[in-house]
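Q: Okay, handing you the structure first.
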Amino acid sequence: WVPASIVLNSASVQQEFGASLQAAEAVLEQVDERKGTHSHYRLPLLRLMVKILAEWEKGQESMYYPWLNSLPREFFNGVSMTKRCFNCLPPYAGWLASTERINYGHFNMALKQGNVPLSYETSSNRGVVKWAYNIALTRYHEVWQPERAKVIGPMADMLNHASQPNCEISVDYEGNVNVVALYDIP
């Protein structure tokens, strides 16, 4: 069980940062409109990424510091690949991976052009921004009730990374993340 008070919730992030986050969201929407893509599906991910960066910026003063410090620093997904890597993949996998890299590029543009609640040092640090994007991308759980949002329950996000899930993760109406084992885990 992870209490709602420490769950990272994209809807809560939107309320927390308000107008300063809206500027970055507007940039993302403009970029996506020119490219013919739909940013409203990705706005919750942008919000989580900005929250992770804001907490990272606080360092040890953040209540999330122990959790953030325990997360992986290196990822091997589409964001980390080069164009040559995409060409080595089967066509559909290459398309998915390159799409993820394009999405990351759009998020990066939104951070740099939008008035986000981050220091210039943080928003321009490519390594940290890529890390925060990957954390948000690989650790969220999508919920549909009472509203559509992406949530990250610190510590619960470390479960179900195998090909066969061994627990069920759910979010109740209060925003608490609940975890139940699907079978006895040795």
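Q: Relative contact order of the chain: what whole-number percent is it, with Cα pairs under 8 angstrom and at least 6 residues apart?
A: Here the relative contact order equals 34 percent.
Q: Rounded to a whole number, what % of the accessible area of the chain do carbon and sulfur atoms account for, probe 1.4 Å?
A: Of all accessible area on the chain, carbon and sulfur atoms account for 54 percent.
Q: Taking the Cα-to-Cβ direction at H40 and at S119 and moving 7 Å from each Cα, how far apart do the two end points lie in nm?
A: For the pair H40/S119, the computed spacing is 3.7 nm.
Q: How many lysine pairs are close in region 1-156, with Cα atoms under 23 Å apart and the two 8 or more places apart or on different chains?
A: 13
Q: Moving on to the next point. Could you report the chain's accessible area per residue, 1.4 Å probe, as an integer in Å²?
A: Result: 57 Å² per residue.
Q: Among [x] 9, 34, 37, 18, 2, 0; [y] 9, 32, 33, 18, 7, 1, 0; [z] 10, 39, 35, 14, 2, 0, only one was calculated for this model; which label is it, if the read-out is P(r) over Cα pairs in 10 Å bins from 0, in percent?
A: [x]
Q: Can I ask one more? Ranked highest first by average number of other Cβ atoms within 10 Å, how do 41-53, 72-84, 7-19 line up?
A: Listed from highest to lowest mean packing, they are 41-53, 7-19, 72-84.
Q: Positive end of the charge dipole of the chain (Lys, Arg +1 and Asp, Glu -1 on Cβ, about the Cα centre): tell me which of A156, Y92, N115 has its Cα farthest that way.
A: My answer, from the dipole projection, is Y92.
Q: Which cross-chain or sequence-distant (5 or more) residues have an amide H under 5 Å from the amide H of V177, H modelled 1.01 Å from N in plane?
A: The answer is V2, A4.
The values are calculated or read from the model by the stated rules, or taken from the named source; none is laboratory data. Not measured: the values here are computed from a predicted model. No Cβ is skipped: glycine too gets one built from the backbone with ideal geometry, and neighbour counts run over all protein chains shown. Please note that ligands, DNA and RNA were not included when accessible areas were found on the heavy atoms of the full protein model with its side chains. Shrake-Rupley method; radii C 1.70, N 1.55, O 1.52, S 1.80 Å.
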